[in-house]
Amino acid sequence: MARECCADQAIVKWCGSGVLIQLPEADQGLLGSGELRLRDARAAGCSKVSPRRWLNLQEYQSKKLMQDSGVTVQRFFVADTASEALEAAKRLKVKEIVLKAQILAGGRGKGVFDSGLKGGVHLTKEPAAVGELAGKMLGFNLTTKQTPKEGVKVKTVMVAEALDISRETYFAILMDRSCNGPVMVGSPQGGVDIEEVAATTPELIFKEVIDIFEGVRDDQALRMAANLGFKGPLEKQAADQIKRLYELFLKVDATQVEVNPLGETPEGQVVCFDAKINFDDNAEFRQKAVFAMDDTTESDPLETEAAKYDLKYIGLDGNIACFVNGAGLAMATCDIIDLHGGKPANFLDLGGGVKENQVYVAFKLLTADPKVEAILVNIFGGIVNCAIIANGITKACRELELKVPLVVRLEGTNVQEAKRILSESGLPITSASDLDDAAKKAVAAIAKK
């Protein structure tokens, strides 16, 4: 399933085979059709490019929101110390307990702590063991396939009732641009990578388009429950959970609510065992309580600082810093730098309504990265006034005493004035005629050093 969004002048389409970018007309000459596929994200140095559009919560926070909306989840407590974890285990009074380290990265179960403990998820029948295990988790770094090499420090654990699962399914509600609204997606094969299911057995993926005015109808909920394989009284129970999940989706302004697995217990109960909720940051003004839960301690400090100024910054592993307006153009810039033998040091989207101070802050962020050996500015001014960018660039160059080569490509609104500002600045700025020329010059600037 492809998803499409408009990023200033570029159209970005996400699909199974990669990212397809429809560039502005001014840049189509170098590509012919005007379409550019991010060939191999890792090779392009863009393996981490996923603009930080949504707020992600810890597992226990998502479960608390679900619980408050009447969705069935395991009984659980949250602990910040080993003694609190032990007390929580005793309070549960259950046959078996599951202890989970709370970090945002996936792959916790197979992770390793620097305390020597293996696995961020443990099952035990002894409350005393919970306290002992928590003592080897809390305050220690957990390294998984998705964390940095040094891992992420665990500050919280979730102590929950362990339930047997007789069958696992997958269920999600997400915003789908092609359907102009929310869509339910489900599969009777849950607990596994849903992309793998879609690729190998697409007939097991079921979809229901939701009318935003009507909401989830009873017949839709029951049909989805049946397609997920729930039978008898469990079908109605699953349909009720589906409707409650949609109510949550609307209530918190979510862009996605994904439950994997939505499970069935031997006792005949439908339970949401694990969930991921993404939120639209445009709704922050009316979702204060939700956004107050945001924990930025796992984020890159530069990304956190950039967000304060409405800049979308994501650090990469290369040495050519990218300063671009629009997510699509930013990804195209990363791709073309790679095409000419360079490696992008970051993804930086200035957005539309850029102010001079944002340009200065952006340069400050870029130069704070010790890996950066050159900066490429690529601006296509539709909403953006190129003269504002030019003034910001000259101010930043002077005040920050820029020490690395700077290549600037500007096109669009007030571009002649912008070029005049740069040429009369007396600063060592290399101008480029188009994106292809800019990328070549940035890569060449590093080769000369």
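The values are calculated or read from the model by the stated rules, or taken from the named source; none is laboratory data. As the structure is a computational prediction, the values presented were derived from the model and not from experiment. For neighbour counting, all protein chains shown are included, and Cβ atoms are generated from backbone atoms with ideal geometry for every residue, glycine included. Ligands, DNA and RNA are excluded from the accessible area calculation, which covers all protein heavy atoms including side chains. Shrake-Rupley method; radii C 1.70, N 1.55, O 1.52, S 1.80 Å.
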message: Can you confirm whether I375 is on the phi < 0 side of the Ramachandran plot, buried (at least 22 other Cβ atoms within 10 Å of the Cβ) and modelled with pLDDT of 95 or more?
response: yes
task: Just give me the residues in segment 263-276 being at pLDDT 90 or above and under 16 Å from L65 (Cα atoms), in sequence order.
output: V271, C272, F273
- prompt: When segment 240-252 is examined, which residues are found to be in a loop (DSSP other than H, G, I, E, B) and either closer than 15 Å to P188 by Cα or at pLDDT below 95 (or both)?
  reply: none
- request: Could you figure out which of (1) touching a Gly at 6+ places or on another chain (Cβ under 8 Å); (2) open to solvent by 30 Å² or more (accessible area, probe 1.4 Å) isn't true of P405?
  value: (1)
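For every residue, the table says whether it meets (1) over 26 Å from the mean Cα position of the chain (by Cα); (2) basic (K, R).
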| residue | (1), (2) |
| --- | --- |
| I97 | yes, no |
| K100 | no, yes |
| K110 | no, yes |
| F113 | no, no |
| G116 | yes, no |
| P127 | yes, no |
| G131 | yes, no |
query: Checking G315 against (1) surrounded by 16 or more Cβ atoms within 10 Å (Cβ to Cβ); (2) within 23 Å of A105 (Cβ to Cβ); (3) more than 17 Å from the chain's Cα centre (by Cα), which test does it fail?
result: (3)
query: Within the bounds of segment 377-392, is there any residue that is over 21 Å from D437 (Cβ atoms), touching a helix residue (DSSP H, G or I) at 6+ places or on another chain (Cβ under 7 Å) and in contact (Cβ under 8 Å) with a residue 60 or more places away in the chain?
result: no
- prompt: What is the residue count in segment 285-313 for residues that are among the charged types (D, E, K, R) and touching a residue at least 60 places away in the same chain (Cβ under 8 Å)?
  reply: 6
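Yes or no: E84 farther than 30 Å from A254 by Cα, among the acidic types (D, E), open to solvent by 20 Å² or more (accessible area, probe 1.4 Å) and modelled with pLDDT under 95?
no
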- request: May I ask you to list the residues in segment 255-272 that are closer than 20 Å to M224 by Cβ and open to solvent by 10 Å² or more (accessible area, probe 1.4 Å)?
  value: T255, Q256, E258, N260, P261, E264, G268, Q269
field: Residue tally, condition touching a helix residue (DSSP H, G or I) at 6+ places or on another chain (Cβ under 8 Å) and on the phi > 0 side of the Ramachandran plot, over segment 396-446
entry: 2
message: Criterion first (among the basic types (K, R) and touching a residue at least 24 places away in the same chain (Cβ under 8 Å)) does R223 satisfy it?
response: no
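K207: of a type in the set (D, E, K, R) and within 30 Å of V112 (Cβ to Cβ), yes or no?
Here the answer is no, as K207 does not meet what is asked.
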task: Take the residues in segment 280-309 that are small (G, A, S), part of a helix (DSSP H, G or I) and open to solvent by less than 60 Å² (accessible area, probe 1.4 Å), then tell me which one is nearest to V359 (Cα to Cα).
output: A306
task: Could you check F347 against (1) open to solvent by less than 20 Å² (accessible area, probe 1.4 Å); (2) of a type outside the set (S, T, Y); (3) part of a strand (DSSP E or B); (4) modelled with pLDDT of 90 or more and say which number it fails?
output: (4)
message: Please go through segment 383-402 and give me each residue that is open to solvent by 60 Å² or more (accessible area, probe 1.4 Å) and outside any helix (DSSP H, G or I), ordered by number.
response: I383, E401
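Rundown of residues vs (1) in contact with a Cys (Cβ under 7 Å, 6 or more places away or on another chain); (2) open to solvent by 50 Å² or more (accessible area, probe 1.4 Å); (3) small (G, A, S); (4) more than 20 Å from T255 (Cβ to Cβ), yes/no style:
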site	(1), (2), (3), (4)
E196	no, yes, no, yes
P202	no, yes, no, yes
K207	no, yes, no, no
D219	no, yes, no, yes
F230	no, no, no, yes
- prompt: When residues of segment 123-171 are filtered for being closer than 30 Å to S187 by Cβ, open to solvent by less than 60 Å² (accessible area, probe 1.4 Å) and assigned to a loop (DSSP other than H, G, I, E, B), how many remain?
  reply: 4
message: Step by step: first the residues of segment 408-428, then only those that are open to solvent by less than 70 Å² (accessible area, probe 1.4 Å) and in contact with a Pro (Cβ under 9 Å, 6 or more places away or on another chain), then the one that is nearest to A368 (Cα to Cα). Which residue is that?
response: E411
